[in-house]
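The values are calculated or read from the model by the stated rules, or taken from the named source; none is laboratory data. From a predicted model like this one, the values you see are computed outputs, not experimental measurements. Glycine gets a Cβ as well: all are built from the backbone with ideal geometry, and neighbour counts include every protein chain shown. Only protein heavy atoms, including side chains, enter the accessible area calculation; ligands, DNA and RNA are left aside. Shrake-Rupley method; radii C 1.70, N 1.55, O 1.52, S 1.80 Å.
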Amino acid sequence: MSKAAEARIDIQKVRGYCALCTAHCATVATVKNGRVTRLDPDYEHPNGGVICIKGKAAPELIYHPDRLNYPLKRTRPKGDLDPGWQRVSWDEALDDITKRLKDIRERYGAKALALGKGTRSGTSVDDVERWLGRLLYLFGSPNWVSTTHVCNWHKDTGFSYTFGANIPTPDLAHSKTFLLWGHNPSSTSLILAHDIVEARKRGMKTVVVDPRRVGIGAQADMLLQPRPGTDGALALALAHCLLEEGWYDAAFARQWTNGTFLLNCGTGKALTEADLTADGSANRFVVWDERENRPALYDCATGLYDADGVQPALFGARALRGKDGKEISCAPVFERLGEIAAAFAPEKSEKITWVPADKVWQTALMLVHNRPVSMHMWNGLGQHTNATQTSRAIASLYALLGDFDRQGGNVIFPKVAVNDVGGKEFLPKETAALRIGREKKPLGPPAKPGNCAAYDIFTAILEERPYPIKAFLSFGANPVMSNADARRGRQALSALEFSVAVDLFMTPTAELCDYVLPAASFLEMSNITTAFEHRPLGKTHLQYRPVVVEPLYERRSDTWIIFELAKRMGFTEQFFNGDVEAGYAYELQPTGVSLDQLKHAEGGISLPAQPTYEKHARKSKEGAPRGFATPSKKVELYCQTFAAHGYPALPEYVEPALSPLSRPDIAADFPLVLTNAKFTTYVHSQQRALPSLRKASPEPTADIHPDSAATYGIANKEWMIVESPRGAIKVKAHVTKNILPGVVCCQHGWWQACKELELPGYNPYDGDGANPATLIGADLTDPISGSLPHRSYLCRVRPAKSASIRIDGGGLTDFVSS
């Protein structure tokens, strides 16, 4: 290249962060002559140093020929094969959308609108989730649709029912052991994987629980491979080891858990002062004081006992006199937990979990002799019909170790205080109580944090239960691909009176809408973040992410679309007079950092903050400990909230609803366990059109063990049919010893073609497709969270060449030999 040509090349470097998933890896974008050519890790950022292949491929999103570039309006009925998409102006689209939403609100009420959003864990919706909530609640609807019931709810809200907080950040820099359960960060959160590897270099041990030997698990000091859906039994088996051998932290258990509360052995309920005296309080719980050898009372309101120096017992049966004069047999919660766990002692539970007893004992020994222990879990545990109690069992196991909020454990690190713009103050409590699904799941996602499951919305559309949903706004969501029973999803979305999709591509969900609006990618829009959640130092780091290149064609950022809709709906004042940057400035006010300062600080600004530990032990002015944010101010081995709603208050194990043990009649015809997992190349149902990624993973596959493959005539890299009692899909076999025998592990998200490589797309609905969401329904759910058995179902396999498939109305699949 000549010097003159080199001089004409304009190269810019733009610091930002990737928004493709929740990791938010810090990045440096290279722009040559106005075109983004690459995305690299930012090594000078507290959340930097790594980037996955998906992030590296992000520039391809900007220039992909199949991107949505203009607002489109449907001109033909939804049943037609040709939607008759017509290009319209932004003003025409937004004006008509506003008019039709207002009309539906007038005729059916605000709650007839549901708003679906992509997951924060795996889409760029995290950039705008706060503004979406503000818009929805100002409109007056409580129906915010997400996938949290099969994603993060169990590690966050589910965990909080034990500890009063979502699972905190593992303090890997000081951990001696890290317990990784149901999560493969090598594929989905490279920052965590990187930090685990660095901690291992200094001697930290790793215990991984995963049916597959992959990622961090492949190099773990101890790998436990349970049958999918039996993690709760495994957690109780480990708890038994600690309790049986006295390996638990007795001081923590005695002082900071409600394991000391006495249980009425007849009712299984915690004993209160109201059970003993006519004028007693139901909020004062009975313990046995070993020092004075008498009952004592613990007041949940104050966090104090009724006398000084109480030494509450963890074990020992007692007999107390009730207010009716009858004797009450009772024992501490802790003792009852031990009895529950003993039923799943490793020698007993290995028949359930398929994990050898000696490995369970070795794991328990490793955990207890290499403290402090930190841990992390995710949706490998959250896609089962027993997911909530599994979360409770693992949380209780962690409580036995006593390392919560200790240095080297899971620590609640400091964060920067900011103004919340999510808009919850605009939604009356009585309206929030009407959120769809809350009537069936009063402790689940509809109540806390406040999200609906798509399958409940589908019922509201098709059957008008508990009331009709007539309109649906979708921002980065693809419920057809991300929820069970894709055919019912298609039926529901087709039956809507009005729907709008905002997305990068014409997804299967967008195809069913009345308007499709072209969203900008994260490299084409600005945003601020006030915390990077995955590392301690990132939690106090603020950053303005500038536009790397202006949006092409007529694409617009989700933020712009939301603000424009808000103005048209009459919410201009509540949306900072339509000024996005005024909204950013308001968010930042408590930090003392202005938006202008942040804009001029490339890479962001870190605010000073020192971590503190064991914050539950801090004393108030009255001398009472701060405790935990639970009803009892203690770690709740016995969950009062569950007890009050009729759910088992102590962690229990219930077999998955469709498993070899729970349904041997079905397992006789469908003998394999069906599960699924994310993999490195793609995020959920996205990016399969990008050539650099599709080259790496060109076709849908499913893992199967060589022994299972041999039994059913399956050859490696050959197409096979995976069939459940509800349907079938066709995928290529990946025969590998890295998965348990008897288990088939699919991939979700396959629909999109890659035209450049001449690789096909896949029908989301029929048996020639590869969508595992067609293999399960929404009839079997977790009773508390509403989670679905995406990762523990039953199936069978056969070579594709030996069968043809007919899907009949979304019910059972008929197979006919070819």
**Request:** Over 18 Å between C-alpha atoms is what I'm after, so list which of K78/K102; K78/K111; K155/K448; K155/K424; K176/K348; K73/K99 land there.
**Result:** K78/K102; K78/K111; K155/K424; K176/K348
**Prompt:** Over the Cα atoms of the chain, Rg to Rh with Kirkwood Rh, two decimal places?
**Reply:** 0.97
**Message:** Tell me which GluC sites (Glu not before Pro) from segment 506-551 have a DSSP coil assignment and no more than 10 other beta carbons within 10 Å of their own.
**Reply:** none
**Asked** Under the definition of Cα pairs under 8 Å and six or more residues apart, what whole-number percent is the relative contact order of segment 618-688?
**Response** 12
**Prompt:** Any idea how far the Cα center of segment 376-451 sits from the one of segment 630-701, in Å?
**Reply:** 16
**Message:** Below 15 angstrom from the Cβ of R791, what's the summed charge of the other residues (Lys, Arg +1; Asp, Glu -1)?
**Reply:** -1
**Fill in**
Rounded to whole Å, √(5λ) for the Cα gyration tensor eigenvalues of segment 549-627, largest first, gives 39, 20, 12
**Prompt:** Which value at 222 nm does the chain reach when only helices count, each DSSP H run of 4 or more adding -39,500 (n - 2.57), with the total divided by all residues and rounded to the nearest 500 deg cm²/dmol?
**Reply:** -7000 deg cm²/dmol
**Prompt:** What lysines sit close enough to K695 to cross-link, taking a C-alpha to C-alpha distance under 21 Å and skipping anything fewer than 8 places away on the same chain?
**Reply:** K54, K56, K678, K717, K730, K732, K755
**Message:** Can you pull out the trypsin sites (Lys or Arg not before Pro) in segment 728-806 whose DSSP state is coil and whose Cβ has at most 12 other Cβ atoms within 10 Å?
**Reply:** K737
**Item:** D (Stokes-Einstein, µm²/s), Kirkwood Cα radius, segment 371-515, 1.306 mPa s at 10 °C
**Value:** 86
**Asked** So what does F252 come to for accessible area, using a 1.4 Å probe and Å² rounded to 10?
**Response** 0
**Accessible area of the chain belonging to carbon and sulfur atoms, whole % at 1.4 Å probe** = 49
**Prompt:** Using alpha-carbon pairs under 8 Å, 6+ residues apart, how would you state the relative contact order of the chain in percent?
**Reply:** 17
**Sequence-distant aspartates and glutamates (8 or more away, or on other chains) whose Cα lies within less than 13 Å of K323** = E273, D275, D279
**Request:** Using only the alpha carbons, work out the radius of gyration and Dmax of segment 436-580 in angstrom.
**Result:** 17.9, 49
**Request:** Specify the inter-centroid distance of segment 285-336 and segment 160-208, based on alpha-carbon positions, in whole Å.
**Result:** 37
**Item:** Accessible area of the chain divided out per residue, in Å², using a probe of 1.4 angstrom
**Value:** 38
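In Å³ and rounded to a whole number, note down the convex hull volume per residue for the Cα atoms of segment 76-195.
Numbers: hull volume 24.4 nm³, N = 120.
In segment 76-195, the Cα convex hull volume per residue is 204 Å³.
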**Message:** If N is the number of residues in segment 545-693, what value comes out of its Cα radius of gyration divided by 2.2 N^0.38 Å?
**Reply:** 1.77
**Request:** With r as the distance between the Cβ atoms of K424 and E44 and R0 = 45 Å, compute the FRET efficiency 1/(1 + (r/R0)^6) and round to 0.05.
**Result:** 0.80
**Request:** Enter the Cα centre distance for the pair segment 463-541 and segment 38-74, rounded to the nearest angstrom.
**Result:** 18
**Prompt:** Could you give the radius of gyration (one decimal) and Dmax (whole number) of the Cα atoms in segment 420-499, in Å?
**Reply:** 13.2, 38
**Message:** Please list, ordered by chain and number, the residues whose modelled amide H lies under 5 Å from the amide H of L650; skip anything fewer than 5 residues away on the same chain.
**Reply:** C639
**Request:** May I ask you to list the chymotrypsin sites (Phe, Trp or Tyr not before Pro) in segment 518-561 that are in a DSSP loop and have at most 12 other Cβ atoms within 10 Å of their Cβ?
**Result:** Y553
